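So the structure is just underneath, and the comments pick up after that.
No lab work stands behind these numbers, since they all come straight from the coordinates. Please read these numbers as outputs of a predicted model, since none were measured by experiment. As a convention, Cβ positions derive from the backbone with ideal geometry for all residues, glycine included, and neighbour counts pool all protein chains shown.
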Amino acid sequence: MISTDFGPNEKGSDALLALSLLFQPWRWRRGKELHNLKRRLKSKFFSLDTHISLFLTGRGALYQYLRSLNVEPGAEVLVQAFTCEAVVLPILDLGFSPIYIDIEEQDFCIDLMDLKKKYTPQSKVLILQHTFGITPKNRLKILAFAAKNGLHIIEDVAHGFDIDLFKNKRFNGAILMSFGRSKIFSSVFGGAIATRGKRVGDLMKDAERQLPNPSTWFLLQLISYKINAVIIHGLYDVYIGKIIHFLFKQFNLIVPEITKREKMGKFDSAMLKTYPNVAAIFMLEQLNRFNDVYQSRKAISNRYYYKIQPKQYSAYQNAINRFPYITKHRDSICAFAAKYNIFLGNWYTQVVAPHELDLMDVHYKNGSCPKAEKLTKLVLNLPTHISAAQAEGIIQVVHKAHEIAV
Ligand SMILES: Cc1ncc(COP(=O)(O)O)c(C=O)c1O
């Protein structure tokens, strides 16, 4: 089984670690690893004078950072279409107004011209998403525009990012990271905000301290996800994994990434909790092998780019998390691949995902971002967390499905 969504980052060593942690409940909530993770993130991706705050989710981190800004309710937050509701629900819950900016077809990130068109004096915050981990083509120009107009900047690198981008460099505003299960590294749930300067650092530290802890049941689900994912992956092709997966879902043993309340367009405070120490232990394990994972994901993206993607989309080869493949035959390719237990990704099938969400609830006006709307009908995601041989298999399956479809 290969899946972009289900446990892509989990290995046998993660499952064994999780198994041992099941019997050490005193390490679940508090412990030295929380501090160690902050240090590791700083030294690996930023600089030692960066402030890192950890939260149970990326959306919780975004919520707390937006709340810490001195911005009046009703202010506009500029955000791209082709995003996830995890980004938009905190904006709405805090009483701000999301303004959707269209994207560039070449990189799935904000279109500078549309940004300039939709900016108004009520705009106070800009969220610059690095979709699929691709650095926006016009990043520096967009940041310069934001700085000139006094916008608070949040670079959303939840999907992934070029790991040299912020290393020992100054940045404005905040960098938002996610350690959710389908990102480039995973503690199943998790998010961080990186900031510079003491004032904002202290505000975020207070925000971290004031949050409630996740429940024991939630932590049990989080820890067992790592074990279940490895067992289900290992046994899926011999059917037993499929049955176990089905049963786990039936009995609510696999905690979903997005809650029912969120799918109804409402921010869920269940996602606004402290980051548990057990998750920090998982993240440290993932970071131990991250350099190899990063290089391997990059190589797989390049392989797809050279073998199946039309060459006008050169930025796609930098897609670390998932490779966006553009095709008119998305649904038939996905269905064909599923016969081989290959489950391709669907980021995103509507301008604010997931598809269950009513776009009116997130204030999106149909037709306001035509390029994003078009791409949501054409894009499917190929996994990058796999081996070169598996990627070759996927390329063959995609070619075959394509031949059948045309
Ligand atoms: C673009 C983007 N930003 C932020 C987030 C928030 O991440 P989390 O799932 O950790 O809340 C997501 C979630 O998938 C996302 O897709």
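Segment Ser368..Lys141, full-extension length gain: 79.5 nm, with 0.36 nm per residue of separation and the alpha-carbon distance subtracted. Ordering Ser314, Ser224 from the fewest to the most neighbouring beta carbons within 10 Å gives Ser314, Ser224. Computing FRET efficiency as 1/(1 + (r/R0)^6) for Ser332 and Leu211, where r is the C-beta to C-beta distance and R0 is 51 Å, gives about 0.70.
By the rule of a C-alpha distance below 19 Å, with chain neighbours fewer than 8 residues away ignored, the aspartates and glutamates paired with Lys167 are Asp49, Glu155, Asp156, Asp292.
A Förster radius of 35 Å combined with the Cβ-Cβ distance from Thr259 to Met113 puts the calculated FRET efficiency at roughly 0.45.
Spatial offset of region 219-282 relative to region 381-406 amounts to 27 Å, using the alpha carbon center of each. What the Kirkwood sum gives for the chain is a hydrodynamic radius of 21.5 Å, with every pair of different alpha carbons counted. With Cα atoms defining each centre, region 37-113 and region 348-370 are spaced 18 Å apart in the structure.
Stretched out straight at 0.36 nm per residue, the stretch from Arg67 to Arg30 would grow longer than its current Cα-Cα span by 10.8 nm. Per-residue Cβ neighbour counts within 10 Å put Arg139, Arg289 in the sequence Arg289, Arg139, beginning with the fewest. Stokes-Einstein diffusion of region 1-131 at 4 °C, 1.567 mPa s viscosity, Kirkwood radius from Cα pairs, rounded to a whole number: 72 µm²/s. The label point for Ala270 and the one for Phe218, both projected 7 Å from the Cα toward the Cβ, are 0.9 nm apart. Computed on region 276-406, the Cα convex hull volume stands at 151 Å³ per residue. Modelled this way, with points 7 Å down the Cα-to-C-beta line, the labels at Lys198 and Asp164 are 3.4 nm from one another. Annotation: amide H-H contacts under 5 Å for Ile101 (H modelled 1.01 Å from N, sequence separation of 5 or more, or interchain): Val79, Gln80, Ala81. Pairs of alpha-carbon atoms within less than 8 angstrom and 6+ residues apart define the contacts here; what relative contact order does the chain have, in percent? Taking the mean separation of contacting Cα pairs over the length of the chain, I get 25 percent. Give me the Kirkwood hydrodynamic radius of region 26-210 in Å, from all C-alpha pairs, to one decimal place? Taking the inverse mean of 1/r over all distinct Cα pairs, region 26-210 comes out at 16.6 Å.
Across the cross-link table entries Lys260/Lys371; Lys263/Lys374; Lys307/Lys377, which are compared at the Cα atoms, the separations over 24 Å belong to Lys260/Lys371.
Considering only beta bridges that DSSP places wholly inside the chain, some 50 percent are antiparallel.
The lysines whose alpha-carbon is closer than 18 Å to the alpha-carbon of Lys311, local same-chain residues fewer than 8 away aside, are Lys137, Lys298, Lys328.
Stick to the Cα atoms of region 118-252, pair each with every other, and give me the Kirkwood hydrodynamic radius in Å at one decimal. After inverting the pairwise mean of 1/r, the radius is 18.0 Å. Note on Lys400: aspartates and glutamates with a C-alpha under 13 Å away, same-chain residues under 8 apart excluded, are Glu392.
In order along region 141-147, phi translates into HN-Hα couplings of 5, 5, 5, 5, 4, 5, 5 Hz, rounded to whole numbers, per the Karplus curve 6.51 cos²θ - 1.76 cosθ + 1.60 with θ = phi - 60° and x for Gly and Pro. Comparing Glu104, Glu392, Glu33 in a Gaussian network model of the chain where C-alpha atoms under 10 Å apart are linked, the largest mean-square fluctuation is found at Glu392. Taking 0.36 nm per residue of sequence separation and removing the Cα-Cα distance, the His355/Glu392 pair yields an extension gain of 10.3 nm.
The distance between label points at Leu19 and Asn172 comes to 5.1 nm (points 7 Å beyond Cα on the Cα→Cβ vector). Which entries of Lys205/Lys273; Lys117/Lys365; Lys11/Lys226; Lys32/Lys169; Lys116/Lys266 have Cα-Cα distances beyond 19 Å here? Listed pairs above 19 Å: Lys32/Lys169; Lys116/Lys266.
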